Every structure is written in structure tokens, then in C-alpha cells.
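**Student:** The structure's right below; bear with me while I get my questions together.
The values are calculated or read from the model by the stated rules, or taken from the named source; none is laboratory data. All values derive from a computational prediction rather than experimental measurement. Every residue, glycine among them, receives a Cβ derived from its backbone with ideal geometry; neighbour counts consider all protein chains shown.
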Amino acid sequence: MPKINVYLPDDLAEAVRDSGLPVSAICQRALEDAVRRITAIRQTALGELDADQLAARLPSFTSRAVTVIALAINAARDAGAPNVGTGHLLRAMITEGENLALRVLRALEIEPAALSWAEKDEPGGGPGLRYSTPAASALELLTAEATTLGHNYVGCEHLLIGLAAEPDGIAGRALREAGADAKSVRRTVSAALGGYAHLRATKPPAGPEELTAVVRQELRPLVQRIEAIEARLA
């Protein structure tokens, strides 16, 4: 059986050894999940895009994430664009209006509706309507982000990280110029999910304003812990 080396920071490697975790089985499962998600993205990116079939082709995506992608496809089609670009994805995320990614942006003190970018075509695509090269890359990045965070689903918050991390798309440039780089978005997503779990455990579901406030509160110590870890690993 072929072997793939996995390199870990010293602290994590020691913790894994002490815990006696079945590393091979865990890595295989994580890689299987990641390959399955990325394959689904690539099959969609390489074929004709049909919004009605998205949910079946992207089974690990949440309903809101599927809605956002469907909105992006429809917007690109209606505009006669040569492909579905990162700008279409970001605009669709804002249009959907209720997803966690928007609360993450507000926690970063960025009003989603105030984001602006020059509408222009991105490279890539082909016969029929397909993803642009940056959009396909962002969608692949989001599956890796979901796996890295230990999530068994793909949501709009992962899409936001993917868009912010993708270096060539117009959406990524708009997000980074507004202060939403991949690192800060990733931290805030972790804080948002932690804050949401806390609210659900202590009181009825909160509104967007309360969740945003909790995210900011959760984010402060999280950033401090991450910076301490990064300093040790530097």
C-alpha cells in the first residue's frame, strides 16, 4: 500500500503520540472526505452547470450554500457572462441575505452590502456556462477549509474563506481590501461557530445582532490563543 508522509508541528505530534489515536485511519477518512468534495466540485466545474441539479451533485453543501451557488449561476446566465466568476459568488452570498458568512463579515466590522468591486470577466470556462478559473479554485479551497476545520459539511462561511484565500479573483481582492483576508475570516468563522453553539446551549436561537456581538466576544481570546500558537511554531 502506498505511503504518504504527513508532517505535524512538534506539539501536535507529541499530543497525537500521547493520545494513541489511530492516525492512519483518521487521515484516510479525512482524505476520502476531501477527495469526494473536491471531485464533486471539479465535475461541476468541468460540465454544463445546471442549478436544478446542484443539491444532488454537491451533497455535503448546506442548503444555503447550494442556494448561493444557484443564484450565482442564474446571475451569470442572465448577464450573458462567459462564466460564473468569484464576483457572482460573492454577490449571490450577499443577495441570499441570511447566511453565516454575512454575520462573519459584520463581526469584522464590514457591512456586506457596502462591498464593491469592478464587474469584469475572469479567465477560464469553456463551452457552455462554467466556473471561471478563480471561482473553481475558490470552491476547491473551501472544501479544504471545511476539512481542516473538522466540519462534515460545506457552508457559506467556508465559501467566504475560499473567496478570501483565492489570490486572483475579483471577490478576493474586494474582501482583502475591506479587511477580510483569509486568516481573519478563518478565525472569525471559528469564533462564530463557537458562539452559536454557546447561544444554543444557554438560550433560544439569537438574532443576527446578538450573534454578531457574541462572535466579537468569542473572537478576542481565540485570536490571542492562535497568535500564541503561531509564535511558538515560528
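**Student:** Just to be sure I understand, how many residues within region 147-171 are over 17 Å from Ile69 (Cα atoms) and among the small types (Gly, Ala, Ser)?
**Tutor:** Counting residues in region 147-171 that are over 17 Å from Ile69 (Cα atoms) and among the small types (Gly, Ala, Ser) gives 2.
**Student:** Let me ask something additional. Test Ala174 against the stated conditions and say whether it is at pLDDT 90 or above, touching a Phe, Trp or Tyr at 6+ places or on another chain (Cβ under 6 Å) and assigned to a helix (DSSP H, G or I). Step through it out loud before you land on a result.
**Tutor:** Details: at pLDDT 90 or above: yes; touching a Phe, Trp or Tyr at 6+ places or on another chain (Cβ under 6 Å): yes; assigned to a helix (DSSP H, G or I): yes.
Judged against the criteria, Ala174 is a match.
**Student:** Please determine whether any residue of region 144-156 is in a helix (DSSP H, G or I) and either in contact with a Ser or Thr (Cβ under 6 Å, 6 or more places away or on another chain) or of a type in the set (A, V, I, L, M) (or both).
**Tutor:** We begin by selecting, within region 144-156, every residue in a helix (DSSP H, G or I); these are 144-148, 156.
Subset that is either in contact with a Ser or Thr (Cβ under 6 Å, 6 or more places away or on another chain) or of a type in the set (A, V, I, L, M) (or both): 144, 146.
Yes: one or more hits.
**Student:** For region 74-97, what are the residues that are within 16 Å of the chain's Cα centre (by Cα) and surrounded by 24 or more Cβ atoms within 10 Å (Cβ to Cβ)? Give the derivation first.
**Tutor:** Of all residues in region 74-97, those within 16 Å of the chain's Cα centre (by Cα) come to 85-94, 96.
Passing the criteria: Gly85, Thr86, Gly87, His88, Leu89, Leu90, Met93.
**Student:** Just wondering, is there one or more residues in region 183-201 that are modelled with pLDDT of 80 or more and either in contact with a Cys (Cβ under 8 Å, 6 or more places away or on another chain) or not in a helix (DSSP H, G or I) (or both)? Reasoning before the result, please.
**Tutor:** Residues of region 183-201 modelled with pLDDT of 80 or more: 183-189.
Cutting the leftovers down to either in contact with a Cys (Cβ under 8 Å, 6 or more places away or on another chain) or not in a helix (DSSP H, G or I) (or both) gives us none.
Within region 183-201, not a single residue is modelled with pLDDT of 80 or more and either in contact with a Cys (Cβ under 8 Å, 6 or more places away or on another chain) or not in a helix (DSSP H, G or I) (or both).
**Student:** With the requirement that a residue be surrounded by fewer than 19 Cβ atoms within 10 Å (Cβ to Cβ), in contact (Cβ under 8 Å) with a residue 40 or more places away in the chain and over 9 Å from the mean Cα position of the chain (by Cα), what does region 141-159 give you? Step through it out loud before you land on a result.
**Tutor:** At the first step, the residues of region 141-159 found to be surrounded by fewer than 19 Cβ atoms within 10 Å (Cβ to Cβ) are 144, 148-153.
Adding the requirement that they be in contact (Cβ under 8 Å) with a residue 40 or more places away in the chain leaves 144, 149, 152-153.
Selection gives Leu149, Asn152, Tyr153.
**Student:** Also, quick follow-up: Of the residues that make up region 97-120, is at least one in a helix (DSSP H, G or I), polar (S, T, N, Q) and either closer than 22 Å to Ser184 by Cα or in contact with an Asp or Glu (Cβ under 9 Å, 6 or more places away or on another chain) (or both)?
**Tutor:** Start the filter on region 97-120 by keeping residues that are in a helix (DSSP H, G or I), which leaves 100-107, 112-114.
If we keep only those that are polar (S, T, N, Q) as well, we get none.
No, every residue in region 97-120 fails to be in a helix (DSSP H, G or I), polar (S, T, N, Q) and either closer than 22 Å to Ser184 by Cα or in contact with an Asp or Glu (Cβ under 9 Å, 6 or more places away or on another chain) (or both).
**Student:** Among (1) of a type outside the set (S, T, N, Q); (2) surrounded by 19 or more Cβ atoms within 10 Å (Cβ to Cβ); (3) at pLDDT 80 or above, where does Val215 come up short?
**Tutor:** (3) is the only condition that Val215 fails.
**Student:** While we're here: So is Leu108 in contact (Cβ under 8 Å) with a residue 24 or more places away in the chain, aliphatic (A, V, I, L, M) and closer than 23 Å to Asp78 by Cα or not?
**Tutor:** Numbers: in contact (Cβ under 8 Å) with a residue 24 or more places away in the chain: yes; aliphatic (A, V, I, L, M): yes; closer than 23 Å to Asp78 by Cα: no.
No; evaluated as a whole, the condition is false for this residue.
**Student:** Could I ask something else about it? Which is of a type in the set (S, T, N, Q) and in contact with a Cys (Cβ under 6 Å, 6 or more places away or on another chain), of Asn83, Asn74, Asn99? It would help to see each step written out before you state the result.
**Tutor:** Numbers: Asn83 fails: in contact with a Cys (Cβ under 6 Å, 6 or more places away or on another chain); Asn74 fails: in contact with a Cys (Cβ under 6 Å, 6 or more places away or on another chain).
None of the other options fit; the residue is Asn99.
**Student:** Further, regarding this structure: Only helices (runs of 4 or more DSSP H) wholly contained in region 8-94 count here; list those with 3 or more residues that are of a type in the set (Lys, Arg) and either at pLDDT 75 or above or under 19 Å from Trp117 (Cα atoms) (or both).
**Tutor:** Working: elements: 10-19, 23-46, 54-57, 63-79.
Where helices (runs of 4 or more DSSP H) fall fully within region 8-94, none carries at least 3 residues being of a type in the set (Lys, Arg) and either at pLDDT 75 or above or under 19 Å from Trp117 (Cα atoms) (or both).
**Student:** I would also like to ask the following. Can you name the condition, by its number, that Leu100 falls short on among (1) buried (at least 18 other Cβ atoms within 10 Å of the Cβ); (2) out of contact with any helix residue (DSSP H, G or I) (no Cβ under 8 Å at 6 or more places or on another chain); (3) more than 14 Å from Ala171 (Cα to Cα)?
**Tutor:** Checking Leu100 against (1) buried (at least 18 other Cβ atoms within 10 Å of the Cβ); (2) out of contact with any helix residue (DSSP H, G or I) (no Cβ under 8 Å at 6 or more places or on another chain); (3) more than 14 Å from Ala171 (Cα to Cα), the one that fails is (2).
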